[in-house]
There are 2 protein chains.
Amino acid sequence: MSQDKLIGGLELGGTKTVVAIGTEAGVVLEEERFATTTPAETLDRAVTWLEERGQPSAIGIGAFGPLGVVRGQDQYGCLLSTPKEGWSDISILAPFAKAFPHARLNIETDVNAATLAEARLGAAKGLDDVAYITIGTGIGAGILAGGHLIHGSLHPEFGHLKVPRHPDDRFDGVCQFHHDCLEGLACGPAIAARWGTAAVDLPADHPAWEMEAWYLAHGALSLLSIVAPARIIIGGGVSQAESFHEKVENILREIAAGYFHPLGEGPYIVPPALGQQAGIAGALLLA
Amino acid sequence: MSQDKLIGGLELGGTKTVVAIGTEAGVVLEEERFATTTPAETLDRAVTWLEERGQPSAIGIGAFGPLGVVRGQDQYGCLLSTPKEGWSDISILAPFAKAFPHARLNIETDVNAATLAEARLGAAKGLDDVAYITIGTGIGAGILAGGHLIHGSLHPEFGHLKVPRHPDDRFDGVCQFHHDCLEGLACGPAIAARWGTAAVDLPADHPAWEMEAWYLAHGALSLLSIVAPARIIIGGGVSQAESFHEKVENILREIAAGYFHPLGEGPYIVPPALGQQAGIAGALLLA
């Protein structure tokens, strides 16, 4: 394999970073994982690791956000205001552009990178219209529509979608901006605050799970109404509860009332298939 | 102008049809408008009108729905099950493909065609991320994201989005599938049924308008959360009430709570600019 065929990939997470070389098909040939520390240290380490392996013809980056992902905008490739100390207004792209002036660069949010990987290689293989919802400390979504990743004019904030309130829910919500947006009512910390127990410790038959699935089904219905995915993947820690995807799908079918054609026969709501590899495979596919 | 540079356009509405020749830039050179009757009569008339003007190199079509708009699917170019008598399962595309075998054909929903026209020539000129909500007998939306019209795996049904219920609203909703989806609570017939007076006859200071704007602001927030348009156009009969766009924008800014960057300085919620010409201009732009 000649050096100019190398593809580089970077998955920049809030706590861990993965740098890899691989193929345009998303196959990792060699990778290194390390803790995300300061911007200079983290990005330098990734650049140096890639330099030691040659001159990649292209580099794909999936990074945590909020992130400027619209080419031509001033903030393209930069982190915006983020609670992660020291990272606000940092250009993720610049050190790579400087070190690899001949490489084609592309950057996306981490959840969009994972969406692309699951759509090309994983739980939605071969589909061009896919959404990937993650539920953890926050709620986010990546969207592939007609084969294109959606950014919008900055980037969507799926977690801050307004959903109806579950009829039995008296909890205020944890979102500091909107209280009772989807994230405010259904992220991991919201479950813990509402029930006084961390999601991971709630038994499978606890009413928390029916309510959680109800909120996610409403989030999924909003995606159906606006971008009509052929399949919706739900991942992240909270989604690993027993039979969670079946619960969401059942409620979604009930509230959809037979109206939304893309639901088809199902399964429509599925777990991710690529696990920890989705982020870095997606970065390579972005390149 | 040589014959092979001709572009054809068709706007197929539920009640009226417009056929035109024009330019790829969406400029109509000559057009004819007539009532939509049976499929055979309507489509034959459009085909014949175009044939008399030469062989267009491309034809763009914007049609009422539900419509198959995903290339490669069996239903591409066909109306699906529609209440409009005689039109279910009719291929709109087939008579054009037969009469103009060398023309490039493209078909989209009417609201997507109008969205494209407003984004290229009208109220969102120059923007690549635009949504266009129409409120009349139903509620629909067209979405341009990153310069691409969104279909999803069939096509979105924005009107059937679930939104929170206005705290003062005790009305059941008119949607036969979902009762209290956005369309069920905020389309023209819902306003008339809730207040006992047609929307057009409600005075500007009637509380109906604050409630209507509240629902549309929640629909707009869902679009912001999922596709992050740089601007949202609201059109259709109901939107013509006095100061309606300002009302929606004010409520949207309140519920967005400073969180959504694309809102910028505004105006963010605007009326369409092209009026009756949007559909046919959009059809030409699709070609």
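The values are calculated or read from the model by the stated rules, or taken from the named source; none is laboratory data. In this text, all values refer to a predicted model and were calculated from it rather than measured experimentally. Backbone-built Cβ (ideal geometry, glycine too); neighbour counts: all protein chains shown.
Some points to look at:
- 1 or more residues within 15 Å of the chain's Cα centre (by Cα), more than 13 Å from every other protein chain (Cβ to nearest Cβ) and buried (at least 20 other Cβ atoms within 10 Å of the Cβ): qualifying helices (runs of 4 or more DSSP H) within the range B:205-287: B:278-286
- Within the range B:127-178, the set of residues being away from chain A (no Cβ under 12 Å), over 18 Å from B:Ala217 (Cβ atoms) and either at pLDDT 95 or above or over 15 Å from the mean Cα position of the chain (by Cα) (or both) comprises B:Arg170, B:Asp172, B:Val174.
- Among the residues of the range B:41-57, those that are on the phi < 0 side of the Ramachandran plot and in contact with a helix residue (DSSP H, G or I) (Cβ under 9 Å, 6 or more places away or on another chain) comprise B:Leu43, B:Asp44, B:Ala46, B:Val47, B:Thr48, B:Leu50, B:Glu51, B:Arg53, B:Gln55, B:Pro56, B:Ser57.
- For the residues B:Ala124, B:Ala198, B:Ala145, the requirement of being of a type in the set (Gly, Ala, Ser) and surrounded by fewer than 17 Cβ atoms within 10 Å (Cβ to Cβ) singles out B:Ala198.
- Candidates are the residues of the range A:162-194 that are acidic (Asp, Glu) and part of a loop (DSSP other than H, G, I, E, B); the one that is nearest to A:Leu80 (Cα to Cα) is A:Asp180.
- Residue list for the range B:15-32, filter: buried (at least 21 other Cβ atoms within 10 Å of the Cβ) and assigned to a loop (DSSP other than H, G, I, E, B): B:Gly26
- Count - residues of the range B:140-180 that are closer than 30 Å to A:Gly147 by Cα and out of contact with any Phe, Trp or Tyr (no Cβ under 9 Å at 6 or more places or on another chain): 15
- Filtered residues of the range A:49-68 (kept if small (Gly, Ala, Ser) and in contact with an Asp or Glu (Cβ under 7 Å, 6 or more places away or on another chain)): A:Ser57, A:Gly62, A:Ala63
- In the range A:179-195, the residues that are away from chain B (no Cβ under 14 Å) and crowded, with 19+ Cβ neighbours inside 10 Å: A:Cys187, A:Gly188, A:Ala190, A:Ile191, A:Arg194
- Among the candidates B:Thr82, B:Thr38, residue that is within 17 Å of the chain's Cα centre (by Cα) and surrounded by fewer than 19 Cβ atoms within 10 Å (Cβ to Cβ): B:Thr82
- Test: residue in the range B:242-249 that is in the same structural domain as B:Thr134 (by TED's automatic domain parsing), in contact (Cβ under 8 Å) with a residue 40 or more places away in the chain and not polar (S, T, N, Q): no
- Unique match (being among the hydroxyl-bearing types (Ser, Thr, Tyr), under 23 Å from A:Gly136 (Cα atoms) and not assigned by TED's automatic domain parsing to the domain that holds A:Phe158) among A:Thr36, A:Thr48, A:Thr23: A:Thr36
- Any hit, the range A:72-83, residues being of a type outside the set (Lys, Arg) and touching an Asp or Glu at 6+ places or on another chain (Cβ under 6 Å): no
- In the range A:33-55, the residues that are in contact (Cβ under 8 Å) with a residue 40 or more places away in the chain, over 21 Å from A:Ala113 (Cβ atoms) and in a loop (DSSP other than H, G, I, E, B): A:Thr38, A:Gly54, A:Gln55
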